[in-house]
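Below is one structure, written out as structure tokens; comments come after it.
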Amino acid sequence: MVAFLETDPGRRFQPQEETVEQMIKSIEAYPLIAPEPHYRGAERCVTLARIETDDGVVGWGEAISQFPEAALASKTLIDRGFAPIVLGRDPVDVVPLWHEMCRYAYWFGVEGIAAFAISAIDMALWDLKGKLLGQPVAKLLGGQLKDEIPAMASIIFDMDDLDWTLNEFRGFVEQGYRIAKAGWGMKPDSLFGEDRERDVRYVREVRAAVGPEMSLVVDVPGARGPWDVPTAIRRFKELEEFDLRWIEQPLPPADLKGHTRLRAAVCTPIGTGEDEWSPETYQRVIESEGVDVLQLDPGRCLGLTGCREVLDLAEAAGVKCSAHSWSSALNTAASLHFLASSTNGDTLDLKPHESPLQHELVEDPWVQEDGMLALRDRPGLGVTVREEIVDKYSFG
């Protein structure tokens, strides 16, 4: 059973609010499937939640459910498990509703499909609350401390085509990005982290292509376990000369002791956390002292409320946070808001090329300028969902 830190629920969610006398009238879940240009057209899934009040105000949220079966299962849990908790309730009571959903899931756990479902609902509730109160979500998450966040152009390595990879990075420089990341590989049998000489050659060539000013991140498929701790230490030291912002997922996520040993032996910062689900599991990662940059995904780790709880822990420990946001424009919006509410917010992943869930799904896609994404002074998350596009990519 997951135990959350509830000594003062909602402590960070205390803006001055006017009373809003509305109730939640409906909640609908939409599994979407769309081709991902950044993955050579491979299909990827999200599950959206649409929540409407009795006065017709609508909030949208997203879960990065990724696979068709997970997207459909998330819809089932939203429809049959959590909708009865939310319907008829005051839409501004986001944090109490979050706690109720987490308690409801005590038996099957607030991980996996339950985390996807809660994340989508919670994000939609914050969007709705912001619209009802006429405030951007960041201001409701304890206060907006930043007006813009650095965008990190994020792609998948093609470990069989160095020229293509280098052209991508040169393009990021031309587009004004200040931070760029690549990792994994276009083919499951050809991944970054598997071939020492090839890995070093790629990073060396990328650094030469972008010059010394651009900040670089490389992403290792640590969940697949290509490195043990001794190997990771050697690889970190071999890549040290390239001045990486951090190396992401170098070890299996559950190997907290391994992360502790690795961090004590190397200079390059370690990024991890995208595989975590709840404040409790993030707390264990932080307490291991094996992480420098904690990665959060509001479409996975129990929504914006979950992110804000983790940010409290990270701030207390002096750990930076980045957003693992590589899905839809809703996730990008939510990530901007939680990062802007913390002094420890660092950067967020951004798809550098047009894609259906980033550019078709909303009327107002996110566009970086000079490597930055500016928060919009609009109520809620600040994006307008095109419902005809939701219908276009819905399945099941």
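The values are calculated or read from the model by the stated rules, or taken from the named source; none is laboratory data. These numbers were taken from a predicted model, which means no experiment stands behind them. Positions of Cβ are backbone-derived with ideal geometry, glycine not excepted, and every protein chain shown enters the neighbour counts. Accessible surface areas use protein heavy atoms only, side chains included; no ligands, DNA or RNA. Shrake-Rupley method; radii C 1.70, N 1.55, O 1.52, S 1.80 Å.
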Distance in nm between label sites at Phe67 and Ala209, each 7 Å beyond Cα in the beta-carbon direction?
3.1
Need one word for segment 316-396: rounded, prolate or oblate. Basis is the Cα gyration tensor (sqrt eigenvalues a ≥ b ≥ c); a/c below 1.5 gives rounded, then a/b vs b/c decides.
prolate
For the chain, with every protein chain kept in place, what is the accessible area per residue (1.4 Å probe, Å²)?
39
Among Lys187/Lys257; Lys181/Lys351; Lys131/Lys351; Lys181/Lys237; Lys181/Lys257, which pairs are too far apart, with a Cα-Cα distance over 22 Å?
Lys187/Lys257; Lys131/Lys351; Lys181/Lys257
Farthest toward the dipole's positive end in segment 44-100, which of Ile78, Thr47, Leu97, given Cβ charges of +1 (Lys, Arg) and -1 (Asp, Glu) about the Cα centre?
Thr47
Taking the Cβ of Ala34 as the center, what net charge do the other residues with Cβ under 10 Å away carry, scoring Lys and Arg +1 and Asp and Glu -1?
-1
Here the net charge surrounding Met186, from other residues whose Cβ is less than 10 Å away from its Cβ (Lys, Arg +1; Asp, Glu -1), is -1
What is the percent carbon and sulfur in the accessible area of segment 192-331, measuring with a 1.4 Å probe over the protein chains and ignoring ligands?
45
Run the helix sum for the chain: -39,500 (n - 2.57) per DSSP H stretch of 4+ residues, divided by residue count, reported at 222 nm to the nearest 500 deg cm²/dmol.
-11000 deg cm²/dmol
If you fit an axis through the alpha-carbon atoms of helix 94-104 and take the longest principal axis of the Cα set of the chain, what angle between them do you get, 0 to 90°, nearest 10?
80
Selection from Val137, Pro188, Tyr177, by position along the positive dipole direction of segment 117-213 (Cβ)
Val137
Full-extension gain between Glu354 and Thr231, please, as 0.36 nm times their residue separation minus the C-alpha to C-alpha distance.
40.6 nm
Taking the chain as the reference, fit the longest principal axis to its C-alpha atoms, fit the long axis of helix 256-265 to the helix C-alpha atoms, and give the angle between the two in degrees, 0 to 90, nearest 10.
40
Only four residue types carry charge here, +1 at the Cβ of Lys and Arg and -1 at the Cβ of Asp and Glu. Report the dipole size of the chain about the Cα centre in Debye, rounded to the nearest 20.
560
Give me the net charge for the shell around Ala334: Cβ to Cβ below 10 angstrom, other residues only, Lys and Arg +1, Asp and Glu -1.
-4
Once you have the Cα-Cα distance between Glu289 and Phe242, take 0.36 nm times their residue separation minus that, and quote the gain in nm to one decimal.
14.5 nm
Here the gain from full extension of Arg170 to Leu145, 0.36 nm per residue of separation minus their alpha-carbon distance, amounts to 5.8 nm
For a quick check of understanding: with a 1.4 angstrom probe and all protein chains in place, what accessible area in square angstrom does Cys102 have, to the nearest ten?
10
Run the simple label-point estimate for Val200 and Trp107 please: 7 Å along Cα→C-beta, distance reported in nm.
5.6
So, with +1 on the Cβ of K and R and -1 on the Cβ of D and E, and no other charges, what is the size of the charge dipole of segment 269-396 about its Cα centre, to the nearest 20 debye?
140
So which GluC sites (Glu not before Pro) in segment 230-307 end up in coil per DSSP with only 14 or fewer other C-beta atoms within 10 Å?
Glu289
Expressed as an acute angle from 0 to 90° and rounded to the nearest 10, what is the orientation of the C-alpha long axis of helix 68-77 relative to the principal long axis of the chain?
30
Accessible surface of segment 18-62, 1.4 Å probe, proportion on carbon and sulfur as whole %:
45
For a label point 7 Å from the Cα of Tyr39 along Cα→C-beta, name the residues of segment 61-89 whose backbone N is under 19 Å from it.
62-75
From the protein chains alone at 1.4 Å, what is the descending order of accessible area for Lys392, Lys139, Lys129, largest first?
Lys392, Lys139, Lys129
Treat every Asp and Glu Cβ in segment 250-289 as -1 and every Lys and Arg Cβ as +1, leave all other atoms uncharged, and give the resulting dipole magnitude about the Cα centre to the nearest 20 debye.
240
Any idea which of Cys321, Pro226, Gly299 is furthest toward the positive side of the dipole for the chain, if Lys and Arg beta-carbons carry +1 and Asp and Glu beta-carbons -1?
Pro226
